[in-house]
Amino acid sequence: MKITYFGHSAFLINSGKKILIDPFLSGNPKCKIKPSDVKADIILVTHGHEDHLGDTVEIAKNTGAKVIAIHEIQQFLLKQGINAIGMNIGGSINVDGIKIRMVPAIHSSSFKNGYMGHSAGFVIHLNDGVIYHAGDTGLFGDMKLIRELYNPDIAMLPIGDVYTMGVKEAAKAVEFLNPKIVIPMHYGTFPVLTGTPEEFKKLVKNVDVLVFEIGETKEVNL
Ligand code: NI
Ligand code: MN
């Protein structure tokens, strides 16, 4: 599969279908890629905060992508004329032959001060591997259950601190999840997010830490 990083928590996974996660591009001072340049079949939104919902509406309108989100965000997107599919924490759906499960995240969720349900993470079951995108979250012990039940090959984990886990907690999450590859995210976008991939790498043992430049695409073979 090919993975492209757009900065913050935004990734495009291309494994036949193009799956875009948390497309926060135009608001990201570090990201030069325009929403109009991005193609997607499926967009996953972990929660309502602007740095995650981001450019979802524009990209979904441009591309006709289906948007997968928690019920409250789905309702919001339907009002914008978006083809949105709702779900909730613990459940799974099949979209275009890809099984997508919504898992817990310990974090709030709102949009323009309106209630947006809970925050979530996603487990994406591709033919060539299982990916866990944690969304925004603090460390929680039930990441061990995510490992036991879904055995992710790739974990995308926030490391920036303040609004999510910092590097120490994210390194503990790697222990809980034991993926083959971990990709740090949600750092450096704003000065307040102080965790760095260099510090994170020092704390992670026996798991490959894959660090992306913003806009970089890597071919990932498991
Ligand atoms: Ni958030
Ligand atoms: Mn965030």
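Throughout, read-outs are computed from the coordinates displayed, never taken from laboratory work. Everything numeric here is computed off the predicted structure, so don't read it as measured data. Counting neighbours? That spans all protein chains shown, and the Cβs are built from the backbone with ideal geometry, glycine included.
Among the residues of the range 42-75, the one identified as crowded, with 21+ Cβ neighbours inside 10 Å, touching a residue at least 40 places away in the same chain (Cβ under 8 Å) and more than 16 Å from the chain's Cα centre (by Cα) is Ala65.
Pick from the range 155-178 the residues that are in contact with a Phe, Trp or Tyr (Cβ under 7 Å, 6 or more places away or on another chain) and more than 16 Å from ligand 1 (Cβ to nearest atom): which of them is farthest from Gly129 (Cα to Cα)? Among those residues, the one meeting the criterion is Val167. In the range 179-216, the qualifying residues are those that are away from ligand 1 (no atom under 16 Å from the Cβ), out of contact with any helix residue (DSSP H, G or I) (no Cβ under 8 Å at 6 or more places or on another chain) and hydrophobic (A, V, I, L, M, F, W, C), and the one that is farthest from Gly138 (Cα to Cα) is Ile214.
One line per residue, one yes/no per condition, for (1) under 16 Å from the mean Cα position of the chain (by Cα); (2) closer than 23 Å to Ile13 by Cα:
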position: Val182; (1), (2): yes, yes
position: Phe190; (1), (2): no, no
position: Leu193; (1), (2): no, no
position: Glu199; (1), (2): no, no
position: Leu203; (1), (2): no, no
position: Asp208; (1), (2): no, yes
position: Asn221; (1), (2): no, yes
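Scanning the range 98-113 for residues that are away from ligand 2 (no atom under 16 Å from the Cβ) and either in a helix (DSSP H, G or I) or touching a residue at least 40 places away in the same chain (Cβ under 8 Å) (or both) yields Ile98, Ile100, Arg101, Val103. If you go through the range 115-156 and keep only what is of a type in the set (D, E, K, R) and more than 10 Å from the chain's Cα centre (by Cα), you end up with Asp128, Asp142, Lys144, Arg147, Glu148, Asp153.
When you look at Gly121, is it among the small types (Gly, Ala, Ser) and either over 21 Å from Asp55 (Cα atoms) or part of a strand (DSSP E or B) (or both), yes or no? Can you show your working first?
On the way: among the small types (Gly, Ala, Ser): yes; either over 21 Å from Asp55 (Cα atoms) or part of a strand (DSSP E or B) (or both): yes.
Yes, satisfied.
Is there a residue being within 19 Å of Leu145 (Cβ to Cβ) and either in contact (Cβ under 8 Å) with a residue 12 or more places away in the chain or not aliphatic (A, V, I, L, M) (or both) anywhere in the range 192-202? For the range 192-202, residues within 19 Å of Leu145 (Cβ to Cβ) and either in contact (Cβ under 8 Å) with a residue 12 or more places away in the chain or not aliphatic (A, V, I, L, M) (or both): absent. Would you check if there is a residue in the range 45-58 being touching a strand residue (DSSP E or B) at 6+ places or on another chain (Cβ under 7 Å), among the polar types (S, T, N, Q) and assigned to a loop (DSSP other than H, G, I, E, B)? Looking for residues that are touching a strand residue (DSSP E or B) at 6+ places or on another chain (Cβ under 7 Å), among the polar types (S, T, N, Q) and assigned to a loop (DSSP other than H, G, I, E, B), one finds at least one in the range 45-58, hence yes.
Residue count for the range 174-191 under the criterion of being touching a residue at least 60 places away in the same chain (Cβ under 8 Å) and over 15 Å from Met156 (Cα atoms): the result is 3.
Inspection of the range 22-41 identifies at least one residue that is over 14 Å from the mean Cα position of the chain (by Cα), more than 17 Å from Val123 (Cα to Cα), within 16 Å of ligand 1 (Cβ to nearest atom) and part of a loop (DSSP other than H, G, I, E, B).
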